[in-house]
Amino acid sequence: MIPMLPALLALLLAAGTVRAAASAPTPPPFATADANSDGKVTSREFATAMKGTLSAAAAKTRFKELDKNQDGALASDEYAAVAPRKGARQKRTPEAN
């Protein structure tokens, strides 16, 4: 049974990683989302960057929430609000047994 221990440990770690990733999707870096490298992320660029993470409607709503100065584009500081800050505490939900 001891030889199976590393495989079991890897499986348990992978399961925890998947659970954490599902609860807090990480958006691509600002430079990646800023497809034309003009220093801002438009609603279209944001929707493209968040594809697979948010639906088109959810991306549109989230973009409006993030665009604090309502100029139709996200600056890097506005875009940074998309992802939880490193080291920030997140609410933990009890897991079903």
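Using just the C-alpha positions of region 28-85 as equal point scatterers, what log10 of I(q)/I(0) does the Debye formula give at each q in 0.20, 0.30 1/Å?
Rounded to two decimals, the profile gives -0.63, -1.47.
For the residue pair Ser76 and Ala57, what label-to-label distance in nm results when each label sits 7 Å from Cα along the Cα-to-beta-carbon direction?
3.5
For the peptides 53-59, 74-80, what is the packing order when you average, over each peptide's residues, the other Cβ atoms within 10 Å and list the highest mean first?
74-80, 53-59
Each value in this text was obtained by applying a stated rule to the coordinates, not by laboratory testing. Since this is a predicted model, take the numbers as computed values, not measurements. Neighbour counts run over all protein chains shown; Cβ positions are idealised from the backbone, glycine included.
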